[in-house]
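Just so it is clear, none of the values below were taken in a lab; they were calculated from the coordinates. Computed from a prediction, not measured in an experiment: that's the story for all the values here. Cβ: placed from backbone, ideal geometry, glycine included. Neighbour counts: every protein chain shown.
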Amino acid sequence: MNQTEELANESRLVGAAISGDADAFADLFNRYYAMIHAFAYRLTLSAHDADDIAQETFVSAARAIGGFRREASFKNWLYQIAANRQRDLFRQRQRRRDFNLPLTAGIEETHVAGGDGDIADFSPLHAALAALPDDWRHALVLAYYENRNHAEATQILGCAEATVSWRIFRAKRQLKQRLHHAAKRHE
Amino acid sequence: MNDFEKILNGLPVPRPDADRKERAKYHALMAFKSQTPNSKLQENSKFQITNFKTILRFCGKAALIVSVGVVLAFLTSPRHTNPSGKMLAQIAQLFPDQLNAVIERDGDTRIILADRADPSLTVTQPLLVSLERRGEKINILSFSGRVVRFNLDGREISLETLLTAGGHVIVSDGDFLWSRENSNRLLGYNIQARPLMVKL
């Protein structure tokens with residue numbers, strides 16, 4: 001299926017879901033769950049959080065799909081909901097004071113795609129990404145992993161385009177510096 | 001794919017857990033089914049909003065076309081070719097991969113050069129950042145992605161400059177951020193920043 005056909009099919013599914021077709025919504029779920037799960041993982045660097053955020057994203061999407069504007073991008077809408085759910089999750093944790101460790105201290109074991117078993121990811125890249133401020137990592141993930149342009153990232157993150165550009169620039173620079181230092185230590 | 005993208009691709013992403021996925025689907029479909037279908041009234045109000053938005057969009061586009069015309073006329077006018085920009089280009093040619101910035105203040109010109117050529121100082125898009133306070137003006141001529149360190153009212157400033165994909169300049173010093181949308185002051189100085197139309 002080419003891109004145009006894919007978009008037409010997506011538009012048809014979204015239209016049907018807006019009209020109340022549960023099968024169409026289930027198709028959209030199947031189509032985008034893995035994408036949103038991967039996005040949530042890259043935002044949080046935690047497989048458990050990715051599970052929670054992916055679920056909450058689709059529950060919120062199900063509740064709000066009646067108000068979705070068909071001319072908008074459904075994918076970007078899901079990214080926006082997922083980014084908001086991630087912020088909500090972290091805010092709740094801060095309120096409960098059970099999230100007082102930096103992400104670097106919480107590098108967890110992850111089930112790696114394509115692997116046979118559980119592989120602990122303690123890579124310098126993982127640590128360097130975890131050390132980035134959340135806002136910077138969000139902008140970087142959208143631009144580099146999800147291939148969203150700056151205007152789309154602006155819409156998803158709800159901030160000015162200049163702010164997104166700046167966060168990406170700072171995130172890239174900090175990441176390069178950390179990876180460079182990690183490589184030097186390894187030598 | 002560039003080197004940075006290749007490095008980022010080294011992050012493994014866990015495969016979604018099948019049970020969690022099924023549970024998520026169940027909850028999402030339950031939420032979907034509990035939704036009330038759209039009423040005709042909602043559809044009508046949506047139609048009215050859409051019409052209003054179309055008019056707004058048309059007006060916005062017309063305003064944008066006029067603005068672009070004005071900006072282009074300004075950018076292509078000879079007045080916009082800053083003599084300071086020419087000076088920056090000339091110094092950059094004299095000291096390849098060494099020039100970080102030129103600071104003009106009270107008639108003095110300070111050139112910030114590295115001791116030796118550094119690949120991180122390869123010229124990028126030239127920029128002009130002006131700080132202005134009560135008749136006092138400081139012009140900083142540098143390049144996108146640079147950090148310029150100087151003294152401002154006894155405080156050591158590390159001004160970082162960046163040209164965005166949209167052609168706007170962002171200026172930062174630590175937590176301070178200036179952009180077209182956030183026109184904050186730095187130690188009481190008003191900031192203006194723009195790319196320089198200089199051939200390098």
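Odds and ends about this structure:
- In terms of its Cα atoms, the stretch A:142-187 spans 42, 18, 11 Å along the principal axes, sorted from long to short.
- Principal axis dimensions, largest first and in whole angstrom, of the stretch B:82-195 by Cα: 35, 33, 26
- Reachable aspartates and glutamates, given that their alpha-carbon falls under 14 Å from the alpha-carbon of A:Lys75 and they are not under 8 places away in the same chain: A:Glu6, A:Glu10, A:Asp27, A:Glu146, A:Glu152
- Two-decimal Rg to Rh for chain A - Kirkwood Rh, Cα set: 1.00
- Highest-MSF residue in chain A out of A:Glu71, A:Glu152, A:Glu56 [GNM, Cα springs under 10 Å]: A:Glu71
- The HN-Hα couplings worked out from phi for the stretch A:11-22 by the Karplus form 6.51 cos²θ - 1.76 cosθ + 1.60 (θ = phi - 60°) are 4, 5, 5, 5, x, 5, 5, 4, 6, x, 7, 5 Hz, whole numbers, x standing for Gly and Pro.
- Choice from A:Ala54, A:Ala38, A:Ala64 with maximal GNM fluctuation in chain A (Cα, 10 Å cutoff): A:Ala64
- Distance between the 7 Å Cα→Cβ label points at B:His27 and B:Arg110: 5.7 nm.
- For the stretch A:1-100, alpha-carbon Rg and Dmax in angstrom: 14.7, 48
- Taking Lys and Arg as +1 and Asp and Glu as -1, the other residues whose beta-carbon sits under 9 Å from that of B:Ile191 total 0.
- Pairs exceeding 31 Å between alpha-carbon atoms, taken from B:Lys6/B:Lys86; B:Lys6/B:Lys61; B:Lys137/B:Lys199; B:Lys6/B:Lys199; B:Lys6/B:Lys33: B:Lys6/B:Lys86; B:Lys6/B:Lys61; B:Lys6/B:Lys199; B:Lys6/B:Lys33.
- Dipole axis of the stretch B:88-200 (+1 Lys, Arg; -1 Asp, Glu on Cβ), positive-most option in B:Val123, B:Ser183, B:Phe150: B:Ser183
- Chymotrypsin sites (Phe, Trp or Tyr not before Pro) lying in DSSP loop within the stretch A:122-187, provided at most 12 other Cβ fall within 10 Å: A:Phe122
- Dipole axis of chain A (+1 Lys, Arg; -1 Asp, Glu on Cβ), positive-most option in A:Ala8, A:Ile65, A:Ala131: A:Ala131
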